[in-house]
Amino acid sequence: MTENRSESMVDVVLADDSVLLREGVRSLLEDEGIAVRASVGDGEQLLMEVERHRPSLAIVDVRMPPTHTNEGLLAALRIKRDHPEVGVLMLSQHVAREYASDLLSSDAPGIGYLLKDRITEIDGFLDAVQRVAEGGTVIDPAVVRSLLRAPEQQQRVVSRLTSRELEVLEAMAEGLSNRGIAERMFLSLSTVEKAISAIFDKLELPGDEQTSRRVQAVLRYLDDR
């Protein structure tokens, strides 16, 4: 596991209606020195505990009582509206493009969307927790593929990008740094930087702030659906 993660002072409010999963994640986080301020089973309790503790991160199941549809998502959106400094890491049993789209449409920092299967990839999950708590964006690779490879998007936007640029954009959406992309794709750092610059130009993304433009690059696909 990644060393010195416990020194990050990350604290968490955890919400999932499955007691088994909730307690398993709690144990995993606490073993890494991450304080779990509260562990709850529905969206209403989640909002109360976030208001009480103001954690650095809320880990939220998309579907919770009473209807088990989008209660977790609605609670997450409210957290980002009322407390934008609190990171939100959504967990989902299946890829739900519309949920990822709604969550990513928030321009607040600290957004993540992972499939629950990723929890068993302990180092990767803990890294996602850390990055979202610090204000980064982490999106599950399966969700990225679903978002970026819809037929409508291929017709409208993907055709502007080369296959390499599309692969770089997918990696950006997963939250990889430029160096991480270079290592994954066996490219030089300068080649990755040139590809990212080309992506921003082709998607006509304004501004100088690289972090926000990386998120905008994914959102541009969603807007063109």
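Quick one: net charge around Val36, please, counting Lys, Arg +1 and Asp, Glu -1 for every other residue with C-beta under 9 Å from its C-beta.
So the environment of Val36 carries a net charge of 0.
Need one value: the accessible area of Ser188 in square angstrom, 1.4 angstrom probe, rounded to the nearest 10.
60
For Met90, list long-range residues whose amide hydrogen, built 1.01 Å from N in the peptide plane, is under 5 Å from its own amide hydrogen.
When sequence neighbours closer than 5 places are left aside, the close amide H contacts are Val60, Gly112, Tyr113, Leu114.
How much solvent-accessible surface does Lys202 expose, in Å² to the nearest 10, with a 1.4 Å probe and all protein chains in place?
Accessible area of Lys202: about 70 Å².
Once ligands and nucleic acids are excluded and a 1.4 Å probe is used, how much of Leu47 is accessible, expressed in Å² to the nearest 10?
Leu47 has an accessible surface of roughly 40 Å² with all protein chains in place.
What ranking of Met185, Met9 comes out by heavy-atom accessible area, probe 1.4 Å, highest first?
Met9, Met185
Using only the heavy atoms of the protein chains and a 1.4 Å probe, how would Asp61, Asp42, Asp123 rank by accessible area, largest first? Please report the intermediate quantities before stating the final value.
Values: Asp61 10, Asp42 45, Asp123 70 Å².
From most exposed to least exposed: Asp123, Asp42, Asp61.
Hey, if we sort Val19, Val86 by accessible area with the 1.4 Å probe, largest down, what's the order?
Sorted descending by solvent-accessible area, the residues read Val19, Val86.
The values are calculated or read from the model by the stated rules, or taken from the named source; none is laboratory data. None of the values given here were measured: they were computed from a predicted structure. Positions of Cβ are backbone-derived with ideal geometry, glycine not excepted, and every protein chain shown enters the neighbour counts. Remember, those area values only see protein heavy atoms, side chains included, never the ligands or the DNA or RNA. Shrake-Rupley method; radii C 1.70, N 1.55, O 1.52, S 1.80 Å.
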